[in-house]
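What follows is calculated from the coordinates using simple rules that are stated; it is not laboratory data. None of the values given here were measured: they were computed from a predicted structure. Here the Cβ positions follow ideal geometry from the backbone for every residue, glycine too, while neighbour counts run over all protein chains shown.
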Amino acid sequence: MNVPIVTAEQALEREAATIATLAESYTLMRTAGETTAAILMERVPELRQRGALIFAGGGNNGGDAWIVAAVLARAGCPVTVESLADPRSPDARRARDDARAALEDASPASWPAVVVDGVLGTGARGEARGEQAAAIGRINALGADGAMVVALDVPSGLDSTTGTGGTVVRARLTCTYGTIKRGLLLRRDEAGEILALDIGLGAHAPGTLPELVDAEWVRRAIPPIPADAHKGVRRRLAIIGGGDGMAGAPMLAARGAMRSGIGMVELLVNPANVPVVQAALPETMAARWPVTAEDQDRVLKWAHVLLLGPGLGRTAMTRALVERLLVAWRGPVLLDADALNVFEGEPRTLGTLLGARPAIVTPHPVEAARLLRLDPREVIERRFEVGAGLAKTLGATVVLKGPPTVISAPDGRVAVSASGAPTLGTAGSGDVLAGIIATLLGQTLDPFASGTSGAWVHGRAGERAAEGGSVRGSTLRDVIECLRDVWSLDDPAPRAPVLARLPQAGAQR
């Protein structure tokens, strides 16, 4: 089951649509609380001795918290509940009343192993104030002292849609229900590890929602390499880039491609960089930029897929070269970096040049802002809408790099890759990603499958590199080397009731 990525409004619509099919609405709240409590008892053995301090607000999020308290108390765990307000809904009142009976025989949690944040939920808007802000401060202080802070659905104070918020709970674990809220992916430092838990929401709400990419997605999207494959079957990639002083960018793209199964790579670079490339990457070919008709004809007859842009430079020559190649070549193409920058403010011109072909563009937010003449902050805040709109304008799949990375197809499909770690926040990371995606595009001719799968694999390699040591001590070379193991796609499927697990991505040294 692919997990939807939703706004607060979409999450509430989905819940309402599910409730309409149930005998009683309380079923969802009870399932959320019971499932969370079971996860906590499995993960935190100290709960039996040290117990949990639970903060319950007046909304349905507080109702979930009361149910967690009841389940833990009945299991013999010490439990203390801090009630911030009387429950506002009938379901939340029922949860509180049921929990009070269970708590009568429970010991208080004087030194809690777990602090449960049920102060504010998905529908909360604006900054937390007053008693709610004070509770958030207490929760964070307990977390700083070593307690495991667990947020229900979203960390309190965090806007579920935009990720904005002033005073916000810093959770070590967020248990979110049936869907993953956009805000969680935009504020991974506060969300900690994210578990999407199945509470029976199903797919009742109308409309198509963005979905989370995972290892199973990639296994379905990218076919295995056949036993009798040769370099032609694995396809030939031409990378056009490497301007003055930028020979490293196309070489990093080539390394990403070679770690992702490409058959042959040729780098077309500034003539002065040809010997540099040949010495550094003997497994590739190198030649000067195809500026003559003869050079261009040779490259286009040889290649199965073109990657334009890594280190190419923002010059008139770049614009002319990219335009000429796009007119002469009608096959699959990926545009990155300077191949996009030279079309600043001209997305429709670029869309006309791309035409009806398998095409992908891979901008980071500043490059997308430059292309669309927007403020980069708008692109970051509205990355889902901006990516989808740009895909329709260009007639190409847009991989708007993250975190999270949002992949939009011109037909309206949207997916999200939330894999990744701060190891990827370094120069050259995007070049590696471009090489990975270009390889998949050449092999599948499916831009959406290639963009989604390449983004996830790249991000997972970043996670693996961080797992092996520290972020500060890891380099892009470590990420590239991790690609081999990531491509085994041996990440186990989540075990019910977990639909998806996203590891803690921030606060790493």
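Numbers below:
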item: Gyration tensor over alpha-carbon atoms, the range 330-485, equivalent ellipsoid semi-axes in Å; result: 26, 17, 13
item: Proximal charge balance of R188 [Cβ under 14 Å; K/R count +1, D/E count -1]; result: +2
item: Proximal charge balance of E346 [Cβ under 13 Å; K/R count +1, D/E count -1]; result: +2
item: Test item: Cα-centred dipole of the range 20-72, Lys/Arg +1 and Asp/Glu -1 on Cβ, debye; result: 160
item: Fraction of the pair-distance distribution of the range 236-352 above 20 Å, Cα-Cα pairs, percent; result: 35
item: Peptides 54-65, 416-427, 384-395 ordered by average Cβ neighbours within 10 Å, highest first; result: 54-65, 416-427, 384-395
item: Principal-axis tilt of helix 476-486 within the chain, Cα atoms, nearest 10 degrees; result: 70
item: Rounded to whole Hz, the Karplus (6.51, -1.76, 1.60) HN-Hα couplings of the range 406-420, x for glycine and proline; result: 10, 10, 10, 9, x, 7, x, 5, 9, 9, 10, 9, 9, 6, x
item: Within straight-line cross-link reach of K301, aspartates and glutamates at Cα separation under 17 Å, skipping those fewer than 8 residues along the same chain; result: E266
item: Charge dipole of the chain about the Cα centre (unit charges at C-beta), most positive-ward option of L308, A409, L40; result: L308
item: Principal axis dimensions, the range 308-420 - Cα atoms, whole angstrom, descending; result: 35, 26, 25
item: Cut-off 15 Å between beta-carbons: net charge of the residues surrounding R477, Lys and Arg +1, Asp and Glu -1; result: +1
item: Estimated dipole of the chain in Debye, rounded to 20 [Cβ of Lys and Arg +1, of Asp and Glu -1, Cα centre]; result: 900
item: Rg over Rh [alpha-carbon atoms, Kirkwood Rh] for the chain; result: 1.04
item: Amide H contacts of T161 (H built 1.01 Å from N, under 5 Å, at least 5 apart or other chain); result: A8, G183
item: Under 25 Å from the Cα of K181 - lysines, other chains or at least 8 residues apart; result: K392, K401
item: Other-chain or far-sequence residues with amide H under 5 Å of G58's (modelled H); result: A85
item: Dipole of the chain, positive direction: furthest Cα of W329, A95, V149, with charges on the beta-carbon; result: W329
